[in-house]
Each structure stands twice: as C-alpha cells, then as structure tokens.
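Undergrad: The structure that follows is given in the form of structure tokens.
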Amino acid sequence: MLSSFGWKWLKLLLNRQQKTEGDALRVLSDDLGHYRSVLEVRCVDAAGEEIPWYAYSAIEYIDSYDLNGVRVLEYGSGHSSVFYAKRGAMVTAIEHSQGWYDEVSKTLARSAGFDIHLATEPETYTRRPEVADADIVVIDGIHRRLCAGYVMEEVKAGRAVPALIVLDNSERYPRVLASLDAAMRWPRADFTDFAPINAYRQVTSIYFNPARQISRRRAPAPIGGLGEIAPDDGPL
C-alpha cells in the first residue's frame, strides 16, 4: 500500500501503539500482498505470483512441503493450480465453468504435468477416478459436500490414500467437517486467517493421513515474522 519510504515517514507521526498497529497492517497489506490482490482482484502475493484463495497461514503451511512430483487432485481450478504446478506438483483440476476452464487451460498450457477436465454434471465432477492416485486432494470448487462425501467413501474403502485433504472455506461446512471427523478419524488442523482479496477471515482445514507424510522443504518461516532462530535451538 505504501512504499518502504512512506511507511518510515508515517511512523514518525504515530505514537507507540499506532506504530504497532501500523506494522501489523503493513505485514498484511504489503508483505503478504493483500493490498495488491485487492487492487488487481486476483489471488496473488506481494510479487504478483499466483497463490491459492486459502487462508494465508494455510498457504504458508502448504508451501513448506516439497511439492515436486506430488500428485494433486483439485476440485476447482485457478490460481491455486498455478501455485501447485509452479512447485513441481502433478496437478489434475476439475472445473465446471467453461469460461474458467478455458482461462486456466490457456494459463497453464505450457506447464508440464498439468491436466484439467471440464465436468458440468455433479456426478462426473465429483466421482473422479483420479482420487485413487492423489497425494493431496483439494476440495475448493462447486459441490463441496458431494466431493467430500465421495473422497470420504474412497478413503474408507481403501481405494484412496491421500496424505492430505484440504477443505477450503470450511467454516461454511460444519456438518461436512463433523462427518469427515467421525468417518475417517484423521487429525485435522483449521487455519483461520485473512485470505487474498477478502476483507474477512476464513478457515482452510487440512486433514492429515496418519499413515502417510509428504517431505518438508523448509522449516516454518512466516512472512512478516522476526526471522530469528532461538539461541538455544538445536537437535534434541
């Protein structure tokens, strides 16, 4: 929103409490790129790179994984598809909108390992055979209740063994969450935060398969954090 020079001048006019609030706003607006996403009406970070329309903390968490070669099944497509593909994931996206299908297909036409399917009927959209090979299943499009139900069925039957299941905007699906919790009994983390473009906080929930893990490429490194390692950090 403001240049680094502008922030420094503004802070000269503020008291200590206002400076703290200003620093917090700067992290969201500039460091995370929220202002740019609002300005461009696109899910992008501060550098203009595509990111998912998830809670910011969930984006950072997923980005800590080594996604190279990881197979991602996305119910819904868009900037998240670009995000995963740019990190080396093998992405299969299911899309119900012809216009958005054309747009995403054009954007990712040269991306290796990307496949997108147009499915306008609920049955063909939700009941995807690709779930059997997916390491990460993302439920972030239309028919989320039906998609979650199908994925749950396939997991319970042993026909699908994803390491992660991502359900975005999960605060809007409390009964879906309760059903998944009861049926699968997997650990679940709810990432509650602001998201690109939006002026409100939302929840991105991630389920973890106790029997599978995806390798990490880095330790936690929050955008806008202190960037410090504790002096007593070390192997246990």
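The values are calculated or read from the model by the stated rules, or taken from the named source; none is laboratory data. Since the structure is predicted, the reported quantities are computational estimates derived from the model, not experimental observations. As a convention, Cβ positions derive from the backbone with ideal geometry for all residues, glycine included, and neighbour counts pool all protein chains shown. Areas reflect the complete protein model, heavy atoms only, side chains present, ligands, DNA and RNA absent. Shrake-Rupley method; radii C 1.70, N 1.55, O 1.52, S 1.80 Å.
Undergrad: Tell me the mean residue ellipticity at 222 nm calculated for the chain from its helices only (DSSP H runs of n ≥ 4, each -39500 (n - 2.57), averaged over every residue, nearest 500).
TA: The helix-only estimate for the chain comes to -10000 deg cm²/dmol at 222 nm.
Undergrad: Also, quick follow-up: Report, to the nearest 10°, how far helix 174-184 tilts away from the longest principal axis of the Cα atoms in the chain, using its own Cα long axis and a range of 0 to 90°.
TA: Once rounded, one gets 60 degrees.
Undergrad: Please report the carbon-and-sulfur percent of the accessible area for the chain; probe 1.4 Å, protein heavy atoms only, DNA, RNA and ligands left out.
TA: Here it works out to 54 percent.
Undergrad: Would you please report the Å³ per residue occupied by the convex hull of the alpha carbon atoms in region 87-126?
TA: On the way: hull volume 2.4 nm³, N = 40.
Roughly 61 Å³ of hull volume per residue.
Undergrad: Given a 1.4 Å probe and the protein chains all in place, what does the accessible area of ASP31 round to, in Å² to the nearest 10?
TA: In the full protein context, ASP31 sits at about 50 Å².
Undergrad: Just to confirm the number: angle between the C-alpha axis of helix 98-107 and the first principal axis of the chain, 0 to 90 degrees, nearest 10?
TA: 60 degrees
Undergrad: Computed over the Cα atoms of region 128-183, what is the ratio Rg over Rh, Rh following Kirkwood?
TA: Using Cα coordinates only, the ratio equals 0.93.
Undergrad: As a test, work out the antiparallel percent of DSSP beta bridges whose residues both lie in the chain, rounded to the nearest 5.
TA: Of those bridges, close to 45 percent are antiparallel.
Undergrad: Quote the FRET efficiency, to the nearest 0.05, computed for ASP233 versus ARG145 with a Förster distance R0 of 45 Å and r equal to the Cβ-Cβ distance.
TA: Given R0 = 45 Å and the Cβ-Cβ separation, E is 0.55.
Undergrad: Using the heavy atoms of the protein chains and a 1.4 angstrom probe, tell me the accessible area per residue for the chain in square angstrom. List each step's numbers first, then the result.
TA: Values: 12940 Å² over 236 residues.
In whole numbers, the chain has 55 Å² accessible per residue.
Undergrad: Taking GluC sites (Glu not before Pro) that fall in a DSSP loop and have at most 16 other Cβ atoms within 10 Å as cut points, what is the longest piece of the chain between them? Mind dumping the intermediate values first?
TA: Details: sites that count: GLU49, GLU228.
That would be 50-227.
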